[in-house]
1. Filter segment B:94-120 down to the residues that are facing chain A (nearest Cβ under 8 Å) and either under 23 Å from B:V15 (Cβ atoms) or among the β-branched types (V, I, T) (or both) and list them by number.
2. Has segment B:45-60 got at least one residue that is at the interface with another protein chain (Cβ under 9 Å from one of its Cβ atoms), aliphatic (A, V, I, L, M) and under 13 Å from the mean Cα position of the chain (by Cα)?
3. Which one is farthest from DNA strand D (Cβ to nearest atom) among residues in segment B:7-26 that are loosely packed, with under 14 Cβ neighbours inside 10 Å and outside any helix (DSSP H, G or I)?
4. With segment A:73-134 as the region, which strands (runs of 3 or more DSSP E) entirely inside it contain at least 1 residues that are free of Cβ contacts under 8 Å to residues at least 24 places away in the same chain and surrounded by 14 or more Cβ atoms within 10 Å (Cβ to Cβ)?
5. Suppose we filter A:V85, A:V99, A:V47 for residues that are touching a strand residue (DSSP E or B) at 6+ places or on another chain (Cβ under 7 Å) and of a type in the set (A, V, I, L, M, F, W, C); which single one remains?
6. Got a number for residues in segment B:27-71 being part of a strand (DSSP E or B) and open to solvent by 20 Å² or more (accessible area, probe 1.4 Å)?
7. May I ask you to list the residues in segment B:61-89 that are away from DNA strand C (no atom under 15 Å from the Cβ) and within 13 Å of chain A (Cβ to nearest Cβ)?
8. Only one of (1) at pLDDT 90 or above; (2) more than 7 Å from chain A (Cβ to nearest Cβ); (3) out of contact with any strand residue (DSSP E or B) (no Cβ under 7 Å at 6 or more places or on another chain); (4) more than 23 Å from B:P66 (Cα to Cα) fails for B:A134. Which number is that?
Protein chains: 2
Amino acid sequence: MTAAPKRNTWQREAVRAALAEARGFVSAQELHQTLRDQGSTIGLATVYRALAGLAEGGEADSLQSPDGENRFRSCSMQGHHHHLVCRICGETRELEARVVEEWAQRVGAEHGFTEIDHVVDLYGVCERCRARAA
Amino acid sequence: MTAAPKRNTWQREAVRAALAEARGFVSAQELHQTLRDQGSTIGLATVYRALAGLAEGGEADSLQSPDGENRFRSCSMQGHHHHLVCRICGETRELEARVVEEWAQRVGAEHGFTEIDHVVDLYGVCERCRARAA
DNA sequence: AGATATGCTGAGATTCGTTCTCAACAAGCG
DNA sequence: CGCTTGTTGAGAACGAATCTCAGCATATCT
């Protein structure tokens with residue numbers, strides 16, 4: 001078997017834990033800073049590696065913030081899904097979107113495109129933040 | 001009115017023209033290189049500024065490539081729309097997506113979110129590239 | 001438990017895209 | 001034509017992400 005030989009290190013666990021605690025999406029740098037603030041001596045490179053690994057393994061979702069940062073979120077829902085993110089507090093909901101999947105496939109096919117992939121994310125202001133800002 | 005006093009410079013026009021000629025999405029750097037190759041002495045910073053201006057004015061659409069680059073495209077369709085991009089050659093189609101708009105609003109509302117904005121982009125392989133790669 | 005091989009770690013350097021600085025310049029206006 | 005002021009462009013500065021590589025820790029073997 002070509003099973004990738006992965007080791008369990010406390011660093012990886014720390015990243016996983018910190019990610020799980022975060023409410024919404026966090027950047028690698030924020031996560032690194034958080035961990036350092038908690039007294040960890042973890043390195044930035046390691047946080048990047050751990051996040052990349054988690055993302056690849058489906059344990060985390062990644063998306064890019066408008067200013068070019070990669071942001072990550074601990075991701076419970078299995079398989080393909082989308083997000084609804086509060087642009088103020090970062091609160092995140094995971095969404096299923098059958099309608100959108102179908103639409104993507106159909107529109108792609110109509111234009112002769114294959115291997116359709118898609119990026120679908122919603123941004124808004126959650127109830128709590130709206131109340132607070134009002 | 002607080003109309004921003006904008007001037008018309010040949011540089012801005014050059015960027016607009018180069019952008020219009022490009023088939024799909026191009027990065028600021030690519031555009032800058034293209035212009036330099038054509039003999040222009042335009043500066044990189046100016047290309048960035050011009051693109052930001054065009055994007056803000058709705059004359060260009062911007063999106064981020066997976067590797068963190070901002071890419072731009074001359075945008076003819078007025079108002080809100082989405083894109084179907086060939087991930088090989090960059091060919092781009094502009095899309096309307098009433099279904100998706102409605103879905104976004106509905107789902108957002110269901111979760112108590114307001115001021116829903118959304119990012120929806122499709123990536124695939126266009127007919128030509130599929131033929132070439134086959 | 002102890003020895004060992006190899007994947008993992010982390011500080012810092014590096015790469016690369018983007019933005020900033022600032023002096024020189026030119027568009028638009030009277 | 002001359003002035004005012006936004007614009008330009010070269011290079012510096014910045015920031016995110018990746019790479020390097022020697023030291024270390026984990027899983028495994030004995």
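1. B:V99, B:V100, B:V107, B:T114, B:I116, B:V119, B:V120
2. no
3. B:R23
4. In segment A:73-134, A:92-95, A:114-125 are the strands (runs of 3 or more DSSP E) which contain 1 or more residues that are free of Cβ contacts under 8 Å to residues at least 24 places away in the same chain and surrounded by 14 or more Cβ atoms within 10 Å (Cβ to Cβ).
5. Testing whether each residue is touching a strand residue (DSSP E or B) at 6+ places or on another chain (Cβ under 7 Å) and of a type in the set (A, V, I, L, M, F, W, C) leaves just A:V85.
6. 6
7. Answer for segment B:61-89, where residues must be away from DNA strand C (no atom under 15 Å from the Cβ) and within 13 Å of chain A (Cβ to nearest Cβ): B:H81, B:H82, B:H83, B:L84, B:V85, B:C86, B:R87, B:I88, B:C89.
8. (1)
The values are calculated or read from the model by the stated rules, or taken from the named source; none is laboratory data. Quantities reported herein were computed from a predicted structural model and do not represent experimental measurements. Glycine gets a Cβ as well: all are built from the backbone with ideal geometry, and neighbour counts include every protein chain shown. Surface accessibility is based on the protein's heavy atoms, side chains included, excluding ligands, DNA and RNA. Shrake-Rupley method; radii C 1.70, N 1.55, O 1.52, S 1.80 Å.
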